[in-house]
Amino acid sequence: MNGFLAAGHVCTIMGMEEYLPLVQKHHVPVVVTGFEPLDILQGITMCVRQLEEGRAEVENQYERSVRAEGNRTAREMIREVFEVIPRTWRGIGPIPHSGLGLRPPYADLDAERRFQVERVGGREAPECRSGLVLQGLLKPPDCPAFGRRCTPESPLGATMVSSEGACAAYYRYRRFEEPWPTPTSR
Ligand code: SF4
C-alpha cells in the first residue's frame, strides 16, 4: 500500500486541485504536508489513516499555509509568463507536458537561447541509478556506488548533490547503519 506526502511549499502556490485526477486514477492517498517534524508526523498519520480506512483523498495537513485553490495571483503570473512544454529529467529522461518554458513575449529572457545552451543537458554517470531512486524503485543504499564512489563531496548523480536529494539525505543520516537490510527483510 502506498501513499504520498505532497510538498507544502509547492501547494502554497499551486493549490491541491492538480492532485485530484491522480488520486482518482491511481487510488492513492495524498496528504499536503509542511516541513516541521510535527508536520511530517501528522502527515504520515493522516496518510496511514486513509490507508487503514480504505480511502484515497487529497488532504491538507499544512492548513496554515495551503489553500485548496493555492495563490491565485501567483498562478496567474506564472500562466502569463510560462507555458507547459516537454522536459528531460535527469535520471529519468523526457516526459511530455512536464516542464515550464518562457512564452514567446519573454523569449529574450530565456537563458537557453540567450547563451545558446539549448543542447546542454544534465547527464548522470553510467553507473548512477538516480532515476530508479527518484521513482521510488530503489533505496539509495542499494545503489552499489552509494557511500563508496558516490558521496556529497564527490557526487555521481543529482540525488547526491542537493541536500534535499534522497541519496544525500540517506548518506547524511543513515550511512552508519550498515549492513543495510535486504529488500526481502524490509
Ligand atoms: S548513490 Fe550516487 S550513484 Fe547511486 S543513485 Fe544515488 S546519486 Fe546515483
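The helices (runs of 4 or more DSSP H) falling completely within the stretch 53-161 that include 1 or more residues that are within 16 Å of the ligand (Cβ to nearest atom) and more than 25 Å from V30 (Cα to Cα) map to 158-161. Of the residues making up the stretch 33-46, just one is in contact with an Asp or Glu (Cβ under 8 Å, 6 or more places away or on another chain) and either surrounded by fewer than 12 Cβ atoms within 10 Å (Cβ to Cβ) or part of a helix (DSSP H, G or I) (or both), namely M46.
A Cβ distance below 8 Å, combined with a sequence gap of six or more or placement on separate chains, defines the contacts here; from the stretch 135-158, residues that are under 16 Å from Y173 (Cα atoms) reach residues that are within 7 Å of the ligand (Cβ to nearest atom) and in a strand (DSSP E or B) in the pairs P140/F146.
Contact map, the stretch 161-174: residues that are within 15 Å of G131 (Cα to Cα) paired with residues that are outside any helix (DSSP H, G or I) and within 8 Å of the ligand (Cβ to nearest atom), Cβ distance under 8 Å, separation 6+ or inter-chain. Pairs shown: V161/P155; C167/C143; C167/F146; C167/C150; C167/P155; C167/G157; A168/P155. The sole residue among T73, T88 that is of a type in the set (S, T, Y) and touching a residue at least 12 places away in the same chain (Cβ under 8 Å) is T88. Output the residues belonging to the stretch 162-171 that are in a loop (DSSP other than H, G, I, E, B) and surrounded by 10 or more Cβ atoms within 10 Å (Cβ to Cβ). Within the stretch 162-171, S162, G165 meet the criteria.
This table checks each residue for (1) in the same structural domain as D108 (by TED's automatic domain parsing); (2) within 24 Å of M1 (Cβ to Cβ); (3) surrounded by 12 or more Cβ atoms within 10 Å (Cβ to Cβ).
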position	(1), (2), (3)
V31	no, yes, yes
R49	no, yes, yes
A56	no, yes, yes
R67	no, no, yes
R90	yes, no, yes
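The values are calculated or read from the model by the stated rules, or taken from the named source; none is laboratory data. Note that the structure is a prediction, hence the values are computed from the model and not measured. Because the Cβ atoms are built from the backbone with ideal geometry, glycine has one as well, and the counts that use them run over all protein chains shown.
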